[in-house]
Amino acid sequence: MKNLVCKICTIRLVEAAYARAWWFRLLREPLRWGMLLLGRLYEADLEVYTINSPSCRACPRLTKLELKEKSALFRLLNNLINPYFDRLIERLLTEREQAEAREFAERAVRGEIKDGDK
């Protein structure tokens, strides 16, 4: 088993970005679906990660971590797209929202977050 290491909660960031900018979903969803498709093609095994919080089970980071290990194509695309995507998130969200996502990720990795916790 691999330990899931998370510095910031992707799900929390994305939920906040969706609430802030209606068009963000139009940008992100095709990227997410492409990543999920690559995950299937490269047989990303998400069960190898120790997940201490139910809120982490649907996290796209699991697929991303597996693809970084298995797919040169994904690594190339991620290196090209991810810096712009990160900057966009930083511009859309407040420091507080980002800090809350970091704190949530730390608590979730330690198993302190249960179903329904915010």
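The values are calculated or read from the model by the stated rules, or taken from the named source; none is laboratory data. As the structure is a prediction and not an experimental result, all values here were calculated from the model. Note that we place each Cβ from the backbone using ideal geometry, even for glycine, and neighbour counts take in every protein chain shown.
Among the residues of the stretch 5-31, write down those that are touching a helix residue (DSSP H, G or I) at 6+ places or on another chain (Cβ under 6 Å) and of a type in the set (A, V, I, L, M, F, W, C).
Hits for the stretch 5-31 are C6, I8, C9, L13, A16, A17, A21, F24.
Within the stretch 72-113, which residues are among the aromatic types (F, W, Y) and either within 28 Å of L41 (Cα to Cα) or in contact with a His (Cβ under 6 Å, 6 or more places away or on another chain) (or both)?
F74, Y84, F85
Hey, among A44, A108, which residue is crowded, with 17+ Cβ neighbours inside 10 Å, of a type in the set (A, V, I, L, M) and more than 21 Å from V14 (Cα to Cα)?
Being crowded, with 17+ Cβ neighbours inside 10 Å, of a type in the set (A, V, I, L, M) and more than 21 Å from V14 (Cα to Cα) holds for just one of A44, A108, which is A44.
Inspect the stretch 27-38 for any residue being modelled with pLDDT under 90, assigned to a helix (DSSP H, G or I), surrounded by 15 or more Cβ atoms within 10 Å (Cβ to Cβ) and touching a Lys or Arg at 6+ places or on another chain (Cβ under 9 Å) and give the result as yes or no.
no
Filter the stretch 1-26 for residues that are more than 14 Å from the chain's Cα centre (by Cα), hydrophobic (A, V, I, L, M, F, W, C), surrounded by 11 or more Cβ atoms within 10 Å (Cβ to Cβ) and in a helix (DSSP H, G or I) and give the result.
A19, F24
So which pairs qualify, if the first residue must be in the stretch 46-68 and farther than 18 Å from R28 by Cα, the second must be in a helix (DSSP H, G or I) and of a type in the set (D, E, K, R), the Cβ gap must be under 7 Å, and the two must be at least 6 apart or on different chains?
From the stretch 46-68, the pairs are L46/E66; K68/R75.
Test G34 against the criterion of being out of contact with any helix residue (DSSP H, G or I) (no Cβ under 7 Å at 6 or more places or on another chain) and not basic (K, R), and give yes or no.
Answer is yes for this residue.
Mind checking which residues of the stretch 50-79 are over 19 Å from K7 (Cα atoms) and surrounded by 16 or more Cβ atoms within 10 Å (Cβ to Cβ)?
Across the stretch 50-79, the qualifying residues are K70, S71, F74, L77.
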